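Novice: Mind looking over this structure? Questions follow.
The values are calculated or read from the model by the stated rules, or taken from the named source; none is laboratory data. Keep in mind that this is a model prediction, so the values were computed, not measured. Backbone-built Cβ (ideal geometry, glycine too); neighbour counts: all protein chains shown.
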Amino acid sequence: MKWQGRKRSSNIEDRRGRRDTGRRTGGSRNMPRLRMPRGAGAKGGGIGIVGIVIILGIGLLFGVDPMALLSGNVPVNNAPQTTRSNAPVGNDDLAQFVGVVIQETEDLWSDVFEQNNLTYDKPTIILYSGRTSTGGCGTADSSAGPFYCPADQNVYIDLSFYDTLRRRFGAPGDFAQAYVLAHEVGHHVQQLTGVLPEFNAARSRLTQEEQNLWSVKVELQADCYAGIWAAYAGKENLLERGDIEEALNAANAIGDDTLQKQAQGYAVPKTFSHGTSEQRKRWFERGFSTSNVGQCDTFSVARL
């Protein structure tokens, strides 16, 4: 990925090296997280959605004319040109890489929301090491992997996860790392458009198996949104040869079936919370090939 020298997001908070400095405010301490799994033993933390949101095909629930969004492509080469001051993050390459990727997601989703007469409220990306407090999702721990906290609308990531992604999951490459970030930002889009709040209002009425099913749909939609961002990155001339393959390899490595088979030799589909390797790759490719948020409707398709 051609990221060096590009503008970086100012919405980065670097807590690395601090002792649990996160604020314990806002939201319920029991608010679920949406995250990339670290292994088959982890309990997904995934969030699903019910009923009413399906009628818009998840079409981002924009509240204006959803058909305009469902039928349109993402903007090309018209990202905001305003220069933002860089956040006080470390000078290491990985932190700077995160800042660039997040800036590009901000440009994409700001344009999509603006085209629908809405404002994209940007998330803050929290870089931490070891553990830190969140604003409503308990304590972030590096063993949990990256996740999105709906309560404070922040993404939490211990950058050591990228070593795990490379070594344990066999998914190296900077675009595999970018895919992880774009996926979590996809959950933020779902929060802003009502998908995640709708689930939280109804999940107490769902069985665990039903929650798992809707969680898979939410996760696959976030993968599709990550694919849309990858298409946008290509139109911005950021992609290098092999980048998309890196993202697909990462998606394959963290499929529920792959992780469960590695851990226990067999898979139990009713316990899946993120989707199979094939599903995760296919929905990422769908977003990438169409550049159309309307094609990311995982809630009304006959086959996930």
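Novice: If I filter the range 159-173 down to residues being charged (D, E, K, R) and either part of a helix (DSSP H, G or I) or at pLDDT 95 or above (or both), which single residue comes out as surrounded by the most Cβ atoms within 10 Å (Cβ to Cβ)?
Specialist: Top of the filtered list is R166.
Novice: Only one of these conditions is not met by K261: (1) of a type outside the set (V, I, T); (2) over 20 Å from the mean Cα position of the chain (by Cα); (3) closer than 24 Å to L165 by Cβ; (4) not in a helix (DSSP H, G or I). Which number is it?
Specialist: (4)
Novice: With the condition being on the phi > 0 side of the Ramachandran plot, of a type in the set (A, V, I, L, M) and touching a Gly at 6+ places or on another chain (Cβ under 6 Å), I'd like the helices (runs of 4 or more DSSP H) fully within the range 174-242 carrying at least 2 qualifying residues.
Specialist: none
Novice: Let me ask something else. Out of everything in the range 246-279 that is out of contact with any His (no Cβ under 7 Å at 6 or more places or on another chain) and acidic (D, E), what residue ends up being farthest from T298 (Cα to Cα)?
Specialist: If we take residues in the range 246-279 being out of contact with any His (no Cβ under 7 Å at 6 or more places or on another chain) and acidic (D, E), then E246 is farthest from T298 (Cα to Cα).
Novice: Could you list all residues from the range 97-112 that are surrounded by fewer than 24 Cβ atoms within 10 Å (Cβ to Cβ), under 14 Å from V293 (Cα atoms) and modelled with pLDDT of 95 or more?
Specialist: Selection gives S110, D111.
Novice: Here's something else I'd like to know. Does the range 243-262 contain at least one residue that is in contact (Cβ under 8 Å) with a residue 60 or more places away in the chain, of a type in the set (D, E, K, R), buried (at least 17 other Cβ atoms within 10 Å of the Cβ) and touching a Pro at 6+ places or on another chain (Cβ under 8 Å)?
Specialist: Looking through the range 243-262, at least one residue is in contact (Cβ under 8 Å) with a residue 60 or more places away in the chain, of a type in the set (D, E, K, R), buried (at least 17 other Cβ atoms within 10 Å of the Cβ) and touching a Pro at 6+ places or on another chain (Cβ under 8 Å).
Novice: List the pairs whose first member sits in the range 205-227 and is farther than 17 Å from V301 by Cβ, whose second member is of a type in the set (A, V, I, L, M, F, W, C) and modelled with pLDDT of 95 or more, and whose Cβ atoms are under 7 Å apart, counting only residues at least 6 apart or on separate chains?
Specialist: Listed by first residue and then by second, the contacts come to N212/F272; A226/A182; A226/F284.
Novice: Let me ask something else about it. Which of the residues belonging to the range 278-289 are in contact (Cβ under 8 Å) with a residue 40 or more places away in the chain and not aromatic (F, W, Y)?
Specialist: Answer for the range 278-289, where residues must be in contact (Cβ under 8 Å) with a residue 40 or more places away in the chain and not aromatic (F, W, Y): Q279, R280, E285, R286, G287, S289.
Novice: Mind telling me which of the residues K235, K281 ends up being crowded, with 19+ Cβ neighbours inside 10 Å, of a type in the set (D, E, K, R) and either within 23 Å of T105 (Cα to Cα) or under 18 Å from the mean Cα position of the chain (by Cα) (or both)?
Specialist: After applying the criteria, what remains is K281.
Novice: Looking at (1) in a helix (DSSP H, G or I); (2) under 20 Å from L108 (Cβ atoms), can you tell me which one T298 breaks?
Specialist: T298 satisfies all of (1) in a helix (DSSP H, G or I); (2) under 20 Å from L108 (Cβ atoms) except (1).
For (1) touching a strand residue (DSSP E or B) at 6+ places or on another chain (Cβ under 7 Å); (2) surrounded by 23 or more Cβ atoms within 10 Å (Cβ to Cβ), each residue gets a yes or a no:
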| residue | (1), (2) |
| --- | --- |
| D141 | yes, no |
| P146 | yes, yes |
| Q153 | no, no |
| H183 | no, yes |
| G186 | no, yes |
| V189 | no, yes |
